[in-house]
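The values are calculated or read from the model by the stated rules, or taken from the named source; none is laboratory data. Keep in mind it's a predicted model, so treat the numbers as computed, not measured. Note that each Cβ is placed from the backbone with ideal geometry, even for glycine, and that neighbours are counted across all protein chains shown. Please note that ligands, DNA and RNA were not included when accessible areas were found on the heavy atoms of the full protein model with its side chains. Shrake-Rupley method; radii C 1.70, N 1.55, O 1.52, S 1.80 Å.
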Amino acid sequence: MAAGVPPDALGRRVSCGTDYGTVRYVGSVSRTAGIWLGVEWDDPQRGKHDGSYEGTQYFRCRHPKGGSFIRPNKANFGVDFLAAVKDRYGLNDRQDGQYGTGDTVVFGTKTVEFVGMDSVAEQQRQQLNKLVDISVRECAVSHAGQEEEIKRTCANMRHINLSKNLISSWETVIAIASQVQNLETLNVSENKMRFPSTSTFTSSAFSNLKILALNQTEITWTEVLLCAQGWPVLEELYLSSNNITVLERPDNVLQTLKLLDLSDNQLLDGNQLHLIAQLPRLEQLILRNTGISSIHFPDAGFGCKTKMFPLLKRLAINDNKISQWSSINELDKLPSLRALQCNNNPFMDTEKNPETLIQLIIAKISQLEVLNNCEILPAERRGAELDYRKIFGKAWLEAGGHWNPEKNKPSEEFLAAHPRYPTLCLKYGAPEEGELKGRQPLTLKNQLLTLTIKCPEKPEQKPVEKKLPESMTIQKVKGLLYRLFKIPGSELKLSYESSKLEGKEVELDNDLKPLQFYSIESGDCVLVRW
């Protein structure tokens, strides 16, 4: 092997300036002198060809212009872990005064200020063992270094950020982690590396690991399950942007997992979720931008709870292709669901009024407490459920619904579209005939009132002018105001003043009545208190 080229160069990760790639070829190239490295670049824009030169294929790339040849002296093969730590924290042997005084140093997420760093450096060298939270992100770490050196030097580390380095294989991660006895958090994201493809011996390197990030590492789900045999107490696993398309049932692994992030992986379909539905302790599942178009829990009928995802409290399905409200109905089957993120899905385009859209979701999922990061207040839930009961009351009657329980036999089709409707009738009573006037969309037919909205007890809140339809209920007005003023969980009290009623306030005290019921006119002022 040529000077400057490691004997194991083939398959190694390298950097060249700000670009990262993988060595796919080491050797000579026709009609040129010396040794070349054939590199497949992470960013195809950096490349020139597909690994061929003058008709000869030296290596292959996934992208037709993803490769190029560079001289070995242009490639950075990286440094060992401890060298990167010493360099990052100014604890290396050569002190050239570049740190000055009053520097800040980042220990993971904590920022620590060092005063007179040059004078303290000698003392710091002796204190590597006290480092608990270490970040060597983008420090070109490629290997563990001398055997047991990490263990001797900084054995008390608990949290390590190794993201965006030059780690080529999972074995390197094991070699580093096995020397850190109490490792709890490890981030090795943005390292395109090789993972074991067959079951190998289970290392004890991760026996205390609680949080692991493997975003953008090209790991497959099969490889996750193989490696997971060595993660006996893992609670949080981050796997975004890994081209994971199919899942498998995790038998006897990941049983302690509380959070799983699969965002930015294009899953084959929503049924893939059934394969991970029995994870016994899973509380949070992040499925943002996974390409799923539907969600279904076939083990449970209308109004029943599924046995899948028994402890799931928080679910993120934003930025997907869910187009049918039936998938939102299905989420009510999850027994523990409390928080949902579902923005940017096609089903949300079926309702033009954003307030009504939010109300529909709230009414359909009974235990939901947080929707798209906004707390659902009890008054808001009550209003949403009452409105839902009224809006679909006519359809309920037409489908066989009846005020008399003995005659109440809504069709299967209606129950499939509105599985919570019978429960809402039990909770609030069947809708009265006078309520069922059909649904009034917000159109120009409804007269708009121009109202000034003030918070008399909160002078810091500037008055706001809003155009509201006179048919809007007080409950919907409150829902709008909760979001407008970002009001914490407390009951709103509304009243209004009019130039026709000098010095007198009229309370808006019935949530189910429209604005027009109170004879409000354009130019009047709504007063908000909480």
### Query
Accessible area of Val29, 1.4 Å probe, to the nearest 10 Å²?
10 Å²
### Summary
Computed about the Cα centre, the charge dipole of the stretch 12-74 from +1 Lys/Arg and -1 Asp/Glu charges at the Cβ has a magnitude in debye, to the nearest 20, of 100 debye
### Ranked by how many other beta carbons lie within 10 Å on average, peptides 357-364, 425-432 from highest
357-364, 425-432
### Query
In sequence order, what are the phi-derived ³J(HN,Hα) couplings for the stretch 304-312 according to the Karplus relation 6.51 cos²θ - 1.76 cosθ + 1.60 with θ = phi - 60°, rounded to whole Hz, with x for glycine and proline?
9, 9, 7, 8, 7, 6, x, 10, 5
#### Entry: Rounded Å value of the spacing that divides the Cα centres of the stretch 281-302 and the stretch 124-170
38 Å
### Task
Calculate for the chain the 222 nm mean residue ellipticity that helices alone would give, adding -39,500 (n - 2.57) per DSSP H run of length 4 or more and normalising by residue count, nearest 500 deg cm²/dmol.
-5000 deg cm²/dmol
### Task
Could you size up the charge dipole of the stretch 362-403 around its Cα centre, putting +1 on the beta carbon of Lys and Arg and -1 on that of Asp and Glu, and report it in debye to the nearest 20?
180 debye
## Note on the structure
Taking 256-263, 42-49, 399-406 and ranking on average Cβ neighbours within 10 Å, highest first, one gets 256-263, 42-49, 399-406
#### Entry: Note, ³J(HN,Hα) from phi for the stretch 38-54, Karplus 6.51, -1.76, 1.60, rounded to Hz, x at Gly and Pro
x, 10, 9, 7, 4, 9, x, 4, 6, x, 10, 7, 9, x, 10, 9, 6
#### Entry: Per-selection Kirkwood Rh - the stretch 448-529 (Cα, Å, 1 d.p.)
12.8 Å
#### Entry: Within the accessible area of the chain (1.4 Å probe), percent carbon and sulfur
49 percent
### Query
Any idea what % of Cα-Cα pairs in the stretch 380-436 are farther than 19 Å?
17 percent
### Task
Could you go through the stretch 501-509 in sequence order and give the Karplus-derived ³J(HN,Hα) for each residue, using 6.51 cos²θ - 1.76 cosθ + 1.60 with θ = phi - 60°, rounded to whole Hz, and x for Gly and Pro?
10, 4, x, 10, 9, 10, 6, 9, 9
### Task
Would you please give the residues with an amide H less than 5 Å from that of Tyr53, counting only those at least 5 places away or on a separate chain, with H modeled from the backbone geometry?
Tyr58
### Query
Taking Cα atoms of the stretch 12-74, Rg/Rh with Kirkwood Rh, to two decimals?
0.93
### Message
For Val79, what residues show an amide H to amide H distance below 5 Å, using hydrogens built from the backbone and excluding near sequence neighbours?
### Response
Val141, Ser142, His143
### Task
Mind putting a number on the dipole of the chain about its Cα centre? Charges go on the C-beta only, +1 for Lys and Arg and -1 for Asp and Glu, and I need it in Debye to the nearest 20.
420 debye
### Message
Suppose the Debye formula is applied to equal point scatterers at every Cα of the chain; what is log10 I(q)/I(0) at q = 0.08, 0.09, 0.10 Å⁻¹?
### Response
-0.74, -0.86, -0.95
